[in-house]
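I have placed the structure first, in the form of structure tokens, so that the comments after it can refer back to it.
The values are calculated or read from the model by the stated rules, or taken from the named source; none is laboratory data. All of these numbers come straight from a predicted model, not from anything done at the bench. Note that we place each Cβ from the backbone using ideal geometry, even for glycine, and neighbour counts take in every protein chain shown. Just the protein is used for accessible areas: all its heavy atoms, side chains included, with ligands, DNA and RNA removed. Shrake-Rupley method; radii C 1.70, N 1.55, O 1.52, S 1.80 Å.
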Amino acid sequence: MRGLFNKVKSAEVQSPTVGSVYDSSLKRSTALEELQEIFLYRNLVFQFVRRDILTRYKRSVLGIAWTMLTPLGTMLILTIVFSKAFGIKTEGYAAYVLSGLMAWTFFSQTSNAAIIHLVWGGTLLNRIYVPRTVFAVSATGTGLVNLTISLIPLIIVTLFSGIPIGWPALLIPIPMLFLAMFSLGVGLFLSAMAIYYADIAEMYQVILTGWLYLSPVIWVENILPKGFAALLIRLNPMYYLINLFRMPIYEGVVPTFTDIAISGGIALVTLVVGWLFFSSRADEFAYRV
Amino acid sequence: MNSPIVFDSSLVTANPLPPQAETIRLENVGVRYRIPSERIATFKEYFIRRLQGRVKSKEFWALRNVDLNILRGEVFGLIGHNGAGKSTLLKLIARVLKPTEGRVVVRGRVAPLLEMGAGFHGELTGRENVYLNGALLGFSHQEMEAKYPRIVDFAELQEFIDAPMRTYSSGMWARLGFAVATDAQPDVLIIDEVLAVGDEPFQRKSFDRIMQFRDGGATILLVSHNLIMVEALCHRVAWIDHGHVKQSGLTEEIIREYRQSHKNET
């Protein structure tokens, strides 16, 4: 008993704020401090991801299977509509749509969840100290878990479409990481704005709809008219990220260095900008929410 | 006793802290909220006004020129009318809010006991919620594993711990919240009108635990409208009025003055 007690004591000493002095007047690098804090609170990130995944489907019969069924259902509808009604003829169109849809859904859901969780978490933020980035980071974590699970139907649909899967498929974590960085950056930026202007959250829904059609999810690049349209879609960061996500499984190719450099650069810059912007505003959140 | 890491260069105090060391210090603290003074209907209008620098907002100082020193092992009460600034003061100490001006120094771990069960999720089981709530308080998974049996034991919820919390009564909900928040000895415990939790025996038990913390050297901040309780528990009291510390000092005196002012009003 005594031994257990001692162990507990020493464990408690490691808590983030034990034995530390909080001084509101100390000016530190807020962005780096936030990074340090989120590392200390990694258990909270894990717990939030766990909560979101466990509670989302808790009362449904099929449970977590919905993570795979939802993109499959959407894929089925889009494939039928666009190949039958609009006559898109591309090899393995179903797999093409599904892979694009997965990358897109991950991005739109993660960035949206980052906004909703921070605004919803307002009550919590007013009562107890937690690193402000925890909501966006855990939203990204939840999205990554869902994206990983939905790789299973993607592999099945790809094989079913007659596309062989080779060893390049093992490179899928690279585009997933870049998508996560990009989504986190966008989510942080928008959630910091949404605290001030609630309209952002509503406006973003409309923007996402437009953005989806600017991204290579449903359409295939070679059907696009040359010129302005081609230029426009190249300004869209998701164009590069979705294409990179398709390479390892759907196309079965190893991305070139340029592919990786462009997507990685976009992801890194977005994340850094989002993080800096968010943490520069974080202290003011409690004044607003 | 673990010597705290002191970042503050202006505080050259000897470690370990002497028994009467201060745990919380507020220096000339002010908190200013901006309240929009006119309704701006559209986003477009807002942006145009913003660019023209015509967004008008009323400034409201929820706290101003507040100086307070609260010592280790002290039970300190905050009294005052609703909206006087007590809750804002607690937010400053809980690290939730940074002051607009002045300086707040808090030594050690602050355990907020504000609204119990905030952060629980009804669809999760009691067990899952204990781990979630512990993470919110900043504890690691290993720490929570060590704490878990004690928490469940204190909350007396062994039988129901694997049931979803939506099936719990409000008393069970509150007991679990109290047990998680107070499992470890904090350096500062913040109690905001929520001392009465659960039934009478549990109230006694939670009260005893708070007194143990006090005896163990924790600073306890109590916000209450119940003057009898404040009188019984607090060593010192600060009377907050319209964002200022109107008076602070020994409990008996301040409460007498406070009551007197109420009599004069009526």
ask   = Can you name the residue in region A:124-142 that is more than 7 Å from chain B (Cβ to nearest Cβ) and either free of Cβ contacts under 8 Å to residues at least 24 places away in the same chain or of a type outside the set (A, V, I, L, M) (or both) and is also surrounded by the fewest Cβ atoms within 10 Å (Cβ to Cβ) among such residues?
value = A:G141
request  = Tell me the strands (runs of 3 or more DSSP E) entirely within region B:62-115 that contain at least 2 residues that are touching a Pro at 6+ places or on another chain (Cβ under 7 Å).
outcome  = B:110-113
remark   = Here the qualifying pairs (Cβ atoms under 7 Å; residues six or more apart or on different chains; first in region B:127-142 and within 7 Å of chain A (Cβ to nearest Cβ) and open to solvent by 30 Å² or more (accessible area, probe 1.4 Å); second assigned to a helix (DSSP H, G or I) and polar (S, T, N, Q)) come out as B:Y131/A:Q47; B:S140/A:N43; B:H141/A:N43
query = For residues in region A:160-204 being without any contact (Cβ under 8 Å) to a residue 60 or more places away in the chain and open to solvent by 70 Å² or more (accessible area, probe 1.4 Å), which is farthest from A:P248 (Cα to Cα)?
reply = A:D199
ask   = Quick one: is A:F107 farther than 30 Å from B:L97 by Cα and modelled with pLDDT under 90?
value = no
ask   = If you check A:G252 against the conditions, is it open to solvent by 40 Å² or more (accessible area, probe 1.4 Å) and at positive phi?
value = no
query = So which residues in region A:245-289 are in contact (Cβ under 8 Å) with a residue 12 or more places away in the chain, assigned to a loop (DSSP other than H, G, I, E, B) and under 30 Å from A:L159 (Cα atoms), if there are any at all?
reply = A:G252, A:V253, A:V254, A:P255
query = Going through region B:124-140 one residue at a time, which ones are modelled with pLDDT of 90 or more and not in a helix (DSSP H, G or I)?
reply = B:L124, B:T125, B:F139, B:S140
query = For region B:71-88, does any single residue satisfy the condition of being modelled with pLDDT of 85 or more, open to solvent by less than 40 Å² (accessible area, probe 1.4 Å) and at the interface with chain A (Cβ under 7 Å from one of its Cβ atoms)?
reply = no
task = Could you tell me which numbered condition A:M75 fails, if it satisfies all but one of (1) open to solvent by 40 Å² or more (accessible area, probe 1.4 Å); (2) at pLDDT 80 or above?
result = (1)
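Quick grid of which residues meet (1) closer than 26 Å to A:P237 by Cβ; (2) of a type in the set (A, V, I, L, M); (3) at pLDDT below 95; (4) crowded, with 24+ Cβ neighbours inside 10 Å:
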site: A:L101; (1), (2), (3), (4): yes, yes, yes, no
site: A:N112; (1), (2), (3), (4): yes, no, yes, no
site: A:G121; (1), (2), (3), (4): no, no, yes, no
site: A:L144; (1), (2), (3), (4): yes, yes, no, no
ask   = Of the residues that sit in region A:23-62 and are part of a loop (DSSP other than H, G, I, E, B) and surrounded by 16 or more Cβ atoms within 10 Å (Cβ to Cβ), which one is nearest to the other protein chains (Cβ to nearest Cβ)?
value = A:S24
